[in-house]
Amino acid sequence: MGSIATRRLAKELRELSLECPTGIKILSANDFHTWRLSIEVMGDSLYQGQVFALQFIFDAQYPIASPEVTFVSDEHYKAPIHPHVYSNGHICASILGTEWSPILSVAAVCVTMQSMLASCKKLERPPDNDRYVRHAPKSPKNTRFVYDDDTV
Amino acid sequence: MVDLPRNIQDTDPEDFANELLRKVDNSLKCPICKAYFDAAMYSDCGHTFCAVCLRESLSVKQECPICRKPAKELSMKKNIMLEDTLILWQQARDTLLTLERLEAAKASKKRKRSASIQSIESDSNEAGPSSRPASTTVKKMKKRAESTQKTGDSTMTECPMCQNLVVEAIINQHIDGGCNPENDKKITRDSQRAKDQWSSVFGKSAKRKATPVKGETEPGTLEKLPRGSYDILKDKDLRRMLKEEGLPTDGETEAMKSRHKQWVIFWNSNVDRKFPKSRETVKEELKKWEREMASSRRKRPQVNAVEHLKHHKTDFDKLVQNVRSRKPKSSAAAPSPNEVAEPVAPPDVMSIDD
């Protein structure tokens, strides 16, 4: 792990443990490689009462390189049904790909995901869900997403 | 004082209980690495980052990480004033922290005491006893801070004759010279010259600039490196370029490329420092960087081919069966390549290939 990555993550973790944005909780952050946070959409939304888990995987280039962010899909958590979230948990969001900026943080990503879910109008999977999930690489960072929806 | 390693500078922002002080403290930190600015630089939009952080970010994407306005490495400029502010802030920080803690301690003591006072004499006045003792400690602290700062020969004192402020060390010559400010300048110059002569005799330089402290290089003497056009360079050229910089030439092409790339980032950012580090120090940093990148790569989950085969044996068998059963009419409908390819190239393997 790069020393800058480690130090920045240590700082982010300290800030998160002091004050997490509303609806966001740390599930596990035992190292500087993989973190899990739970997110909940506050207020009126299609996801009322549902709790999701986001998984962050960092590499040594963080924050210059984006973290690998997915919704956890296992026996405890399910990926939200959303036009930009594939059933394997991969997320099609520009800030996790080409629009990543090193000033963004774990908290910023969580909040963006919250607002992405909050603004959802219809519970549905992406149109190419089955095809994508069947052939998806393990890391969504190896997928070249096309960001065609600016409304979210 | 000036060039502390970044991990020492990197103190916890939560040290300040006061929110505003915490914000001031954070405003002197790089939005990318969240440590105090190391050679603060900005591009056309004016957003400031560490020299290394901004260079690395621009090498990935040529835009300001904050406002996304187009930005180029060549348009990067030093934020000298901010660096000076940062140095002063770091000096003042400890004093502020001590003051804050003292006041917090006083306040909690006071609360206890004022509670007992109130129980004895209920008609205590409104101003309350809480404000005075705290402010006296503030004054005391300030005084102490002042007296420690007044070392060296720059302490000013009031001349008993002309009431002007004069450097204390030359006050006698000042009065002897008839309180003439022009005369003072000459005295200062002379005393400095004398000092320099003495120090040259004793081998102790009074001026910091004359002999840079170990690990630092005199600013203004270093030159920046151009970035290589790595995509068209051959291994031979890469090796020569690395050799010219005194860097190791081992490893694969990609390793050499990224080594040289990172060296240019580290070195050029070092040139931007107010007090650049020595070449050897930057080389050490590069070495450390390379080690970290390598260890991070190794951490990626490795797929054991044998294990994988065992784990998916039933899937493979099924597929083989599938294909065999179709074989007779293969001329009619060939198996879809996807169905076959999927389990053979599992997600794990694909991600490693990438």
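Go through the stretch B:220-260 and give me each residue that's in a helix (DSSP H, G or I) and open to solvent by 90 Å² or more (accessible area, probe 1.4 Å).
Within the stretch B:220-260, B:D231, B:I232, B:K236, B:R239, B:R240, B:K243, B:E244, B:E254 meet the criteria.
Can you tell me which residue is nearest to the other protein chains (Cβ to nearest Cβ) among those in the stretch B:284-314 that are touching a helix residue (DSSP H, G or I) at 6+ places or on another chain (Cβ under 9 Å), at pLDDT 85 or above and open to solvent by 40 Å² or more (accessible area, probe 1.4 Å)? It comes out as B:K288. Across the stretch B:203-219, which residue is modelled with the highest pLDDT among those that are of a type in the set (V, I, T) and open to solvent by 70 Å² or more (accessible area, probe 1.4 Å)? So, considering only residues that are of a type in the set (V, I, T) and open to solvent by 70 Å² or more (accessible area, probe 1.4 Å), the one modelled with the highest pLDDT is B:V213.
Hey, could you check the stretch A:33-67 for residues that are under 16 Å from the mean Cα position of the chain (by Cα), closer than 18 Å to A:L104 by Cα and open to solvent by 20 Å² or more (accessible area, probe 1.4 Å) and say which is farthest from the other protein chains (Cβ to nearest Cβ)? It comes out as A:R36.
The values are calculated or read from the model by the stated rules, or taken from the named source; none is laboratory data. Keep in mind it's a predicted model, so treat the numbers as computed, not measured. Counting neighbours? That spans all protein chains shown, and the Cβs are built from the backbone with ideal geometry, glycine included. Remember, those area values only see protein heavy atoms, side chains included, never the ligands or the DNA or RNA. Shrake-Rupley method; radii C 1.70, N 1.55, O 1.52, S 1.80 Å.
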